[in-house]
């Protein structure tokens with residue numbers, strides 16, 4: 001009996017060894033090449049250029065107490081493969097890189113403007129299917145050129161790690177509102193929504209700063225030459241799609257958003273437009289706004305924050321909608337360039353009225369621009385979703401065509417809550 005029990009125990013012990021997982025499919029870090037960023041451009045002969053920036057493990061983080069490499073070019077290496085698709089480019093890259101390509105640490109995918117106009121959904125299919133691509137990846141669109149230019153010129157001011165650089169950019173966009181930083185998951189959800197269109201951030205390459213880049217470092221040009229370069233650029237930075245008038249720093253700049261319909265680029269909006277978009281889409285959280293004073297000769301600056309979400313009400317006149325939009329904002333006075341005495345009940349009201357008039361005009365202009373394109377990236381139809389009995393009824397609303405003919409009114413409630421540390425102007429103090 002005892003011998004039989006020992007045999008049974010031995011059998012189950014051997015059985016557990018068979019059922020245990022082995023290490024035949026192990027992934028050793030020493031055998032992997034991690035792709036941190038990737039770009040896709042239209043190439044010749046109807047092919048695509050796939051640009052991958054691969055991490056150099058020994059240089060990403062240096063010894064304790066020391067920084068890693070001196071620049072991104074020393075912590076990563078770019079490689080460009082021309083192929084018919086992203087999977088084919090990956091397989092061809094395997095023949096040139098010593099280790100197996102791995103995308104589990106990919107942080108951003110950049111599309112060139114040309115291929116974005118053709119449509120990016122066919123190239124995103126692999127990201128939806130292949131499990132190594134996470135839906136937390138950011139998706140950007142290169143402005144007026146290929147994504148490869150962004151890869152070759154990017155030179156962050158502080159960060160040496162590509163991953164931290166991308167995350168810092170995303171946080172900066174939230175702080176100042178000049179763009180929007182949706183993830184792949186957010187973008188695909190917006191594409192699948194029949195009643196709205198998607199947006200992606202625009203990343204541009206500043207030509208002045210790019211010309212200052214020499215051997216992985218930026219050497220600012222002399223003042224006289226810099227002033228010659230920016231001559232004629234009279235519009236405030238961010239108001240148009242033009243590059244910022246600046247010297248030094250990172251050649252890459254994140255101002256504006258790309259509007260995509262069914263995954264195809266149809267319009268580009270400036271940094272100022274992106275803030276208005278954020279107010280309507282309820283993605284705006286805060287930023288510095290500069291307005292002209294009532295006399296028009298000087299400016300005043302306000303940190304404007306979202307007080308609460310916008311109120312959007314849609315009523316119908318037959319098949320034509322009328323949209324009532326009300327924005328709720330609050331601010332902190334940051335600067336009064338004229339040094340006039342505005343810190344009083346009457347003075348603050350004057351500044352608030354000036355800001356409200358400017359914001360409502362910009363909202364009006366952007367909505368009319370969207371109506372001409374028959375696009376609604378603001379998702380204004382979200383206010384009537386609860387009025388539909390079923391999702392099928394809501395999906396069949398044909399909102400974009402109806403929105404193009406809609407009438408609308410815009411109101412903004414804006415209060416300056418804090419005047420800053422200086423209560424009175426210098427002229428009042430000297431009296």
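The values are calculated or read from the model by the stated rules, or taken from the named source; none is laboratory data. Computed from a predicted structure; not experimentally measured. Positions of Cβ are backbone-derived with ideal geometry, glycine not excepted, and every protein chain shown enters the neighbour counts.
Select from the range 124-137 the residues that are in a helix (DSSP H, G or I) and touching a residue at least 12 places away in the same chain (Cβ under 8 Å) and write down the one among them that is farthest from residue 78 (Cα to Cα). Break it down into steps so the answer makes sense when it comes.
At the first step, the residues of the range 124-137 found to be in a helix (DSSP H, G or I) are 124-129.
Applying the additional criterion that residues be touching a residue at least 12 places away in the same chain (Cβ under 8 Å) yields 124, 126-128.
Details: 124: 21, 126: 21, 127: 20, 128: 24 Å.
Only one residue tops the list, namely 128.
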Next item on the list: Read through the list (1) surrounded by fewer than 16 Cβ atoms within 10 Å (Cβ to Cβ); (2) touching a residue at least 60 places away in the same chain (Cβ under 8 Å), then give the number of the only condition that residue 236 fails.
Entry: (2)
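Is it true that residue 141 is in contact (Cβ under 8 Å) with a residue 12 or more places away in the chain and surrounded by fewer than 19 Cβ atoms within 10 Å (Cβ to Cβ)? Please lay out each step first, then the result.
On the way: in contact (Cβ under 8 Å) with a residue 12 or more places away in the chain: yes; surrounded by fewer than 19 Cβ atoms within 10 Å (Cβ to Cβ): no.
Here the answer is no, as residue 141 does not meet what is asked.
Only one residue in 103, 130 is touching a strand residue (DSSP E or B) at 6+ places or on another chain (Cβ under 8 Å), at pLDDT below 95, assigned by TED's automatic domain parsing to the domain that holds residue 208 and surrounded by fewer than 23 Cβ atoms within 10 Å (Cβ to Cβ), so which one is that? Don't jump to the end; show me each part of the working.
Values: 130 fails: touching a strand residue (DSSP E or B) at 6+ places or on another chain (Cβ under 8 Å).
After applying the criteria, what remains is 103.
When you scan the range 166-175, do you find a residue that is more than 15 Å from the chain's Cα centre (by Cα) and surrounded by fewer than 20 Cβ atoms within 10 Å (Cβ to Cβ), even just one?
Quick first cut of the range 166-175, residues more than 15 Å from the chain's Cα centre (by Cα) only: none.
There is no residue in the range 166-175 that is more than 15 Å from the chain's Cα centre (by Cα) and surrounded by fewer than 20 Cβ atoms within 10 Å (Cβ to Cβ).
Taking the stated definitions as given, is residue 282 more than 27 Å from residue 115 (Cβ to Cβ), surrounded by fewer than 20 Cβ atoms within 10 Å (Cβ to Cβ), in contact with a strand residue (DSSP E or B) (Cβ under 7 Å, 6 or more places away or on another chain) and touching a residue at least 24 places away in the same chain (Cβ under 8 Å)? Working first, answer last.
On the way: more than 27 Å from residue 115 (Cβ to Cβ): yes; surrounded by fewer than 20 Cβ atoms within 10 Å (Cβ to Cβ): yes; in contact with a strand residue (DSSP E or B) (Cβ under 7 Å, 6 or more places away or on another chain): yes; touching a residue at least 24 places away in the same chain (Cβ under 8 Å): yes.
Yes.
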